[in-house]
Each structure stands twice: as C-alpha cells, then as structure tokens.
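The values are calculated or read from the model by the stated rules, or taken from the named source; none is laboratory data. These numbers come from a predicted model, not from an experiment. Note that each Cβ is placed from the backbone with ideal geometry, even for glycine, and that neighbours are counted across all protein chains shown. Note: areas computed on protein heavy atoms with side chains; ligands, DNA, RNA excluded. Shrake-Rupley method; radii C 1.70, N 1.55, O 1.52, S 1.80 Å.
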Amino acid sequence: MSTESATELHVLDDQSVPAPVEVPAAGEGVDLGASENFFNRELSQLQFNYRVLKQALDTTHPLINRLIYCCIFSSNMDEFFEIRVAGLRQQVKYGRETIGSDGMMPEQVLAEISRVAHEYIREQYDILNNVLIPEMERENIHFVRRREWTPAQADWVRRYFDEEILPVVSPIGLDPSHPFPRLVNKSLNFIVELDGKDAFGRETGMAIVPAPRSLPRLVRLPDDVCDGGTNLVFLSSMIHAHADELFPGMEVKGCYQFRLTRNADLELEDDLEDLASALRGELLSRRFGDGVRLEVADNCPQELVQFLLTEFGLTDRDLYQVHGPVNLTRLLAVGGLVDRPDLTYSGFSPSIPRQIRSKDSMFDSIRKRPILLLHPFENFSPVVDLLRQAAKDPQVLAIRQTLYRTGANSEIVEALADAARRGKEVTAVIELRARFSEAENLELASRLQEAGVIVVYGVVGYKTHAKMILIVRREEGRLRRYVHLGTGNYHAGNARLYTDYSFMTCDESIGDDVNKLFQQLTGMGKALKIKKLFHAPFTLHTRLLSLIDREAGLGPKGRIIFKFNALTEPQLIKALYRASQAGVRIDLIIRGICCLRPEVPGLSDNIRVRSIIGRFLEHTRVYYFGHNGRPEVYCSSADGMERNLLSRIETAFPLEDSHLVARVREDLDTYLADNCQAWVLQPDGSYLQNQPADGDDRLASQLVLLERLTAQ
C-alpha cells in the first residue's frame with residue numbers, strides 16, 4: 001500500500017502557523033541558492049514546537065500524556081528563547097547580524113518569532129484551560145482554585161504555608177537600600193503591591209517574592225479534606241492566598257506571578273588552557289544572562305508590567321501575558337501525583353533479539369553476526385551488558401568510549417569505573433559542552449577520574465558528538481576489536497524515550513577506523529585514513545554530497561531516503577534539489593527543523609518531507625541510497641546541519657549485512673506509510689497532518705514498530 005493512496009492530508013488547525021510564503025516558480029537555470037528556496041531555521045523550529053503542542057489535542061493519546069505534551073511545548077519554548085532568540089538578540093545588540101540562506105535579517109526574524117510565538121502560547125493556554133483541565137475534571141482530577149477551597153482545605157493550606165513555605169521564602173521590599181534583586185533564569189517570582197509603612201517607617205509600595213526552587217509547584221491535598229478524586233493546589237495559589245503574612249502590618253493590594261527567561265548560551269574561547277575550570281565559571285553566569293522573555297499573569301496591572309519590562313531591558317514584543325501558571329513545565333509533576341495508569345501510556349517490555357538471548361557472552365553474539373538494535377522497542381541492556389562483561393573479562397585489555405549525555409550515576413559509568421578498578425586501560429572522551437548537561441558531565445568526569453579512568457575532553461572548538469565504544473580483547477593469541485556505534489546517547493533513560501539505533505560489530509576495518517578516531521580525539525597528528533566510516537569534520541559532508549550526486553546520475557532510477565532530526569545545511573539542500581531535478585525520488589523524514597522547500601515545480605518536484613510526532617522522540621539518523629538496486633545504508637550521530645557536518649566530531653557507519661539493510665529499509669517504509677502521526681511539509685512552509693483515507697485503518701508508525709519489535 002503506497003503512502004499516497006493510503007492517506008489524505010488534513011489540517012487540524014492552521015490558524016497559528018507562520019505566514020505562508022509565496023512559492024517560487026522554478027525550472028531550468030534556477031538559482032538553487034536563491035533565498036526563496038530556503039525556509040528560515042528559527043521559524044521552522046517554532047513549527048516543530050507547535051506540532052508537539054498539537055499532540056495535546058490528539059485524543060488517541062492518553063489524557064495525562066496529552067497534558068505532558070503541553071508541558072513539553074513549554075520546555076521546548078524555554079530552550080528556544082534561551083538559545084535561539086538570545087543568539088539573534090546578541091547579533092542585533094552588537095551589530096554582528098548574519099543573514100541565513102533564507103535572506104532574513106535577525107531583526108526581521110525576531111519580529112516574526114514574536115508574532116508566531118504569541119499565537120502559539122495563546123493557543124497553549126486555551127488548550128490547557130478549555131480542553132485539558134475540563135477533561136481532567138471529568139476524570140475526577142481537580143486543580144483546586146483558591147475560590148473553591150472548602151474551610152477544611154483552606155485550613156490545611158494555611159498550615160502548609162506556615163510550616164513549609166513561610167520558613168524558606170525571602171520577600172524583598174524595593175527601596176534605595178534594597179534594589180531590584182537579581183532573579184535566577186526561569187524562576188517563579190511574584191511582584192507585590194503594598195500599602196502602608198513597615199516597622200522602620202519605609203513606604204515603598206512594591207516588593208518581589210522569589211519562590212524557592214526547592215518548593216514543589218503542585219501539591220496534592222490530603223484525601224481527608226477532600227470529597228474524593230485527586231485534588232491538586234498550585235504553589236502560586238498558596239502564596240497568593242497568604243501573601244499578607246510575608247508583610248505583617250501592611251496591606252497587600254495585589255500579588256502577581258512572573259517569570260524571566262534569560263540568555264543561557266555559554267560562550268567559551270577556543271584557546272582555553274583549562275576547559276573544565278572555564279566551564280564551571282560560565283555555568284554560574286548562565287543563571288543570570290540578559291533577559292529575553294518576560295511571562296506575566298494576565299491580570300497584572302499595566303504599570304507593574306511596564307516596570308518589569310523596564311527593569312529587564314525588554315519591550316512589549318518580549319512580553320507574554322498568560323492566563324494561568326507562568327511555568328507550565330512544572331505541570332509535569334502531575335504524572336507523579338496522580339495514580340491513574342488508565343490515563344497514561346500502557347507499559348511495554350523492550351525485546352532482546354534471539355541472537356543475544358541465546359548466548360551468555362555478548363562477544364560470542366557479536367562474532368556470530370553484527371547486531372542492530374532499535375531503541376526503545378528493543379532493549380538498551382545489551383549495550384550495558386557489553387560494557388559490564390568487558391569490565392570483568394580478564395581477556396579485555398582496554399576500553400574507550402565517548403560520552404555526551406549519560407548521567408553521572410548510570411550503569412554505563414559504573415561499568416567503566418569497575419573496569420578501571422580492575423586494572424584495564426579505560427579512556428573516556430567526555431564532551432563537557434553538551435547543552436544543559438554541562439554540570440552533570442563535570443561531575444561525571446570527576447567520578448571517573450577518581451576510579452582511575454583516563455578522562456579527556458575532546459577537541460576544543462569541535463564538540464564530540466559521535467557515539468562510540470571500542471573494546472580491545474585478546475583472543476587466540478591476537479587482539480580483536482569490538483565496537484558499538486550509535487545514533488543516540490549512552491543514556492538508559494533516553495533509550496526508553498528516544499528512537500535510536502545501536503550497532504555492535506567486530507568488523508576489522510570498522511574497528512581499525514574507530515581506533516583511529518580515538519587516536520585523533522585523545523592525541524595529536526594529521527587526520528588518519530579511514531576505510532569505512534564517514535567522519536566529521538573531515539569526510540562526512542563531502543561523502544554525503546558525493547553519494548547524493550551519484551544517485552542524481554541515475555536519474556529516475558535513483559532513490560534517496562534520509563531520516564534526520566533537522567536539515568539546514570545549504571550545500572546538502574542544494575545537492576538534494578539537483579537530485580530532484582534529475583528525477584531522483586527523495587523522501588525526507590525530518591522530525592524538527594527543515595529549511596528545504598519541497599514539491600516546488602522545477603526545483604524539488606520529487607522531494608517529500610514528513611515529520612513524525614508520537615509517543616517517542618524520533619532521534620535516529622539514517623542515510624539510505626538506492627544505488628540502482630544495490631542499496632547502501634548508513635546510520636549516524638549527525639543531522640543535516642552545518643554544526644554536525646562541519647564543526648563537530650561525528651560518525652556515520654555503514655550497514656553491510658544484507659539482513660540489516662533490509663531491516664532498516666522496512667523501518668523507513670513504516671515511517672513513510674504512517675497516515676496519522678506524520679505531518680507533511682507543504683511548499684508554502686505549512687505542515688498538514690496525515691489522516692487515513694476513507695475506509696483505511698490508522699497506521700501509526702511507532703505503534704507498528706512497537707508491536708513488531710516487542711513481540712520478538
């Protein structure tokens with residue numbers, strides 16, 4: 001069944017998308033690099049966030065998970081403002097504007113971001129207040145407002161405030177000796193209007209109350225003060241109700257919550273002598289970077305709003321007045337406070353392939369045939385088992401591993417530490433600059449060093465994003481290398497939520513390639529000749545371009561399927577345009593940002609782009625080339641972005657076993673047949689959600705993979 005015949009396009013709600021862009025005419029002699037042939041990166045990222053938000057309206061997801069999607073949208077928007085918007089503002093502030101392939105100036109992009117983000121956030125709160133909360137009420141889950149508290153509930157809240165909140169809150173009156181406090185990035189705060197004089201005769205009229213981050217934003221009321229169900233109270237409601245206790249003897253005329261988002265991007269020089277020390281210093285500054293967004297309760301008086309905007313150096317364009325809590329990310333706590341498994345995704349048991357189950361030794365299994373796992377449908381435990389067995393195996397001499405995001409207390413880390421304690425040569429290449437995991441990675445580095453692991457921080461100026469393990473084992477009088485290569489991080493938690501491939505092999509050429517890559521990372525010298533892997537920043541970009549051009553040479557017999565998280569690199573996009581013009585059929589499965597404009601006559605007629613949004617975060621990177629009936633498949637740690645292809649340490653590894661090639665093609669075809677979780681990119685930049693055609697069953701790719709692979 002072809003995707004085209006199985007589905008029809010359907011718009012859920014297209015009111016809050018970036019303004020449609022006029023589709024250019026194209027044909028022979030078209031300028032592939034013309035700005036109208038590219039979408040803006042930031043606006044495309046915003047649209048991905050919006051597709052996540054739309055999951056909150058999809059009733060095929062359980063109710064609590066729909067609320068979680070609403071929260072994930074907030075988390076995604078936080079990072080978008082902290083990094084992308086902050087970066088654009090820095091360009092404007094310092095007069096260092098750069099124009100992307102789309103031709104938009106930073107100031108233009110900021111204006112459009114403001115327009116679109118305001119629409120999206122208004123819709124988010126509408127979904128929360130008018131869809132999700134009423135549906136949760138019908139399920140006997142209540143967010144109890146102050147006006148709804150019974151006398152018993154009000155008494156309980158007062159005791160909770162006196163015992164748990166009052167002792168840790170530090171209200172700050174604003175006067176000449178108490179200037180406006182330096183508020184932490186994304187912290188919950190209250191601006192309070194006061195009347196009267198305090199014990200010292202001061203009459204400031206205004207105060208700030210920061211809510212300590214140690215306090216939960218949602219608290220469950222005890223069952224004995226409720227009439228049944230699950231009853232939750234916001235911390236903000238408790239502070240609003242008892243703000244007068246923070247200012248004894250004074251009248252609280254108003255109390256309004258607000259939240260400041262700051263620039264959280266880290267800036268490190270390339271010629272640092274001590275990366276770890278410099279990073280520790282930068283982490284402190286992240287909490288207090290320049291303001292980029294102000295969220296305020298929509299009932300806050302205008303004069304107070306303007307006061308806050310002036311204080312943070314922001315304008316009305318940066319102001320988001322919201323009807324509800326200013327930090328919806330903290331509603332993720334509902335999942336732990338509400339015991340309703342019927343309102344969440346049902347559990348599943350990731351499978352372990354028979355090839356591994358039948359062997360006690362991971363080394364025996366890998367020697368028999370290379371192993372390919374697709375997480376989370378297949379278990380991540382074989383990767384951990386490989387390291388555990390290597391740590392204990394007296395025949396193993398050395399282990400080397402890259403670590404980008406893993407967690408300091410993970411089983412992977414414990415296995416590496418155990419191997420070092422047992423006297424094996426263990427080297428960990430830790431990327432300290434993994435965004436928002438920097439502090440955790442510093443702790444990880446210290447812990448491994450204490451165990452005797454050799455820790456290096458990669459190459460300054462090039463993030464080490466490749467996922468590699470190399471194990472050197474003595475077998476029958478010679479050394480054999482075992483390798484794990486992956487598309488995702490060595491993080492067991494992520495492996496339950498992200499789709500990623502894990503590949504394990506003892507192929508001699510691949511083992512030699514990985515050994516050379518580790519030599520480059522830990523030592524110094526010229527780039528070494530690599531046989532089978534593509535590696536950035538040296539060969540990955542050029543090899544991808546050459547393989548695309550090779551398919552273009554086949555004309556209509558050519559076939560390309562790419563699966564990325566993002567596609568922004570102009571040369572890669574232009575190569576795909578050329579292949580399309582040559583007649584190559586191209587399918588791009590791109591979860592998030594896509595700057596390529598598909599289905600434009602004469603330019604990209606043969607390119608289709610879809611984004612899969614579902615229960616799991618799509619994270620696999622796959623490059624498939626039809627090669628005239630002799631398909632070549634590469635899995636990779638790299639997306640189609642400038643940073644991945646040109647300024648990071650990345651790998652792409654071939655799958656040469658015909659069974660594995662066929663298996664990956666089957667996985668890709670499943671995504672291409674999806675008729676309900678797929679959003680199809682249109683030539684004007686909008687996304688339309690697939691829906692089954694009349695009479696067809698729903699085909700959700702992640703559910704198909706879940707049923708297929710967990711049933712092994």
Could you say which residue among 138, 147 is modelled with pLDDT under 95 and loosely packed, with under 15 Cβ neighbours inside 10 Å?
147
Unmet criterion (only one of (1) in a loop (DSSP other than H, G, I, E, B); (2) under 26 Å from residue 51 (Cα atoms)) for residue 525
(2)
Scope the range 308-344; condition without any contact (Cβ under 8 Å) to a residue 24 or more places away in the chain and more than 30 Å from residue 59 (Cα to Cα); matching residues
309, 310, 313, 314, 315, 316
So, residue 563, is that one assigned to a loop (DSSP other than H, G, I, E, B) and either in contact with a strand residue (DSSP E or B) (Cβ under 6 Å, 6 or more places away or on another chain) or β-branched (Val, Ile, Thr) (or both) or not?
no
Open to solvent by 10 Å² or more (accessible area, probe 1.4 Å), touching a helix residue (DSSP H, G or I) at 6+ places or on another chain (Cβ under 6 Å) and over 30 Å from residue 496 (Cα atoms), is that true of residue 574?
no
Given the conditions (1) more than 22 Å from residue 611 (Cβ to Cβ); (2) open to solvent by 40 Å² or more (accessible area, probe 1.4 Å); (3) among the hydrophobic types (A, V, I, L, M, F, W, C), every one holds for residue 110 apart from (2)
Just wondering, is there one or more residues in the range 605-616 that are closer than 29 Å to residue 66 by Cβ, of a type in the set (D, E, K, R), more than 21 Å from the chain's Cα centre (by Cα) and surrounded by fewer than 21 Cβ atoms within 10 Å (Cβ to Cβ)?
yes
Residue check: is residue 653 at pLDDT 95 or above and either farther than 20 Å from residue 489 by Cα or under 19 Å from the mean Cα position of the chain (by Cα) (or both)?
no
Please enumerate the residues belonging to the range 484-500 that are touching a Lys or Arg at 6+ places or on another chain (Cβ under 9 Å), at pLDDT 95 or above and open to solvent by less than 10 Å² (accessible area, probe 1.4 Å).
484, 485, 486, 487
Members of the range 73-85 that are in contact (Cβ under 8 Å) with a residue 40 or more places away in the chain and either on the phi > 0 side of the Ramachandran plot or surrounded by fewer than 21 Cβ atoms within 10 Å (Cβ to Cβ) (or both)
75, 78, 79, 83, 84
As an exercise: evaluate residue 83 against (1) modelled with pLDDT under 95; (2) over 20 Å from residue 50 (Cβ atoms); (3) in a helix (DSSP H, G or I); (4) among the aliphatic types (A, V, I, L, M) and give the number of the one condition it does not meet.
(2)
If residue 101 satisfies every condition in (1) under 30 Å from residue 35 (Cβ atoms); (2) open to solvent by less than 40 Å² (accessible area, probe 1.4 Å); (3) among the small types (Gly, Ala, Ser) but one, which is the exception?
(2)
Residue, surrounded by the most Cβ atoms within 10 Å (Cβ to Cβ), within the range 554-571, restricted to residues that are of a type in the set (D, E, K, R) and closer than 27 Å to residue 500 by Cβ:
563
Would you say residue 612 is touching a residue at least 12 places away in the same chain (Cβ under 8 Å), of a type in the set (Val, Ile, Thr) and closer than 27 Å to residue 52 by Cα?
yes
Just give me the residues in the range 360-397 being over 22 Å from residue 660 (Cα atoms), of a type outside the set (Gly, Ala, Ser) and in contact (Cβ under 8 Å) with a residue 60 or more places away in the chain, in sequence order.
387, 393, 395, 396, 397
If a residue must be free of Cβ contacts under 8 Å to residues at least 60 places away in the same chain and of a type in the set (Lys, Arg), how many such residues does the range 451-479 contain?
1
Can you pull out the residues in the range 317-342 that are of a type in the set (Val, Ile, Thr) and open to solvent by 20 Å² or more (accessible area, probe 1.4 Å)?
329
Restricting attention to the range 700-712, the residues that are modelled with pLDDT of 95 or more, of a type outside the set (Ser, Thr, Tyr) and within 27 Å of residue 626 (Cβ to Cβ) number exactly 4
When the range 501-515 is examined, which residues are found to be of a type in the set (D, E, K, R) and open to solvent by less than 40 Å² (accessible area, probe 1.4 Å)?
512, 513
Taking interchain pairs and intrachain pairs at least six residues apart, which have beta carbon atoms under 6 angstrom, with the first residue in the range 414-426 and under 9 Å from residue 452 (Cβ atoms) and of a type in the set (S, T, N, Q) and the second at pLDDT below 95 and in a helix (DSSP H, G or I)?
none
